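Here is the structure we will look at.
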Amino acid sequence: LEKGFNILGVSLDREGQKDKWLKAIEDDKLTWSHVSDLKYWDNAVAIQYGIKAIPQNLLIDPQGKIIAKNLRGEELEAKLAELIVVGKTF
């Protein structure tokens with residue numbers, strides 16, 4: 001949170017896939033927080049935010065409003081820099 005935001009990985013894995021999911025996190029050295037209810041497409045977060053395909057990334061403000069979707073590379077870096085510069089936290 002030192003830059004004013006958190007990263008959270010939400011997995012849409014299924015029951016019986018937990019060990020594989022956790023191994024992928026470790027193998028890929030993903031250091032941020034990860035959650036999964038192992039309910040696949042019935043995942044509450046996927047339903048709440050209308051996730052229809054994976055992978056996706058969302059920038060969500062503290063009120064739960066989506067402020068950007070599926071940004072990658074330079075576009076993502078620019079949006080994060082913009083939010084940090086204007087003092088917004090999310």
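Key figures for this structure:
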read-out: Odd one out for Ala24 among (1) in a strand (DSSP E or B); (2) of a type in the set (A, V, I, L, M, F, W, C); (3) at pLDDT 95 or above; value: (1)
read-out: Only one of Asp37, Asp42 that is in contact with a helix residue (DSSP H, G or I) (Cβ under 8 Å, 6 or more places away or on another chain) and of a type in the set (D, E, K, R); value: Asp37
read-out: Residue ID - farthest from Phe5 (Cα to Cα), chosen from residues in segment 33-90 that are assigned to a loop (DSSP other than H, G, I, E, B) and over 15 Å from the mean Cα position of the chain (by Cα); value: Leu38
read-out: Qualifying positions in segment 7-24 - farther than 16 Å from Tyr49 by Cα and small (Gly, Ala, Ser); value: Gly16, Ala24
read-out: Tally of residues being surrounded by 15 or more Cβ atoms within 10 Å (Cβ to Cβ) and without any contact (Cβ under 8 Å) to a residue 12 or more places away in the chain across segment 25-57; value: 1
read-out: Count of residues meeting criterion [within 28 Å of Glu82 (Cα to Cα), of a type outside the set (S, T, N, Q) and touching a helix residue (DSSP H, G or I) at 6+ places or on another chain (Cβ under 8 Å)] in segment 1-29; value: 5
read-out: Test set (1) modelled with pLDDT of 90 or more; (2) surrounded by 10 or more Cβ atoms within 10 Å (Cβ to Cβ); (3) among the charged types (D, E, K, R) - Asp61 fails condition number; value: (1)
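The values are calculated or read from the model by the stated rules, or taken from the named source; none is laboratory data. For clarity, every value in this text was computed on a predicted model and none was experimentally measured. So basically every Cβ, Gly included, is an ideal-geometry build from the backbone, and we count neighbours across all protein chains shown.
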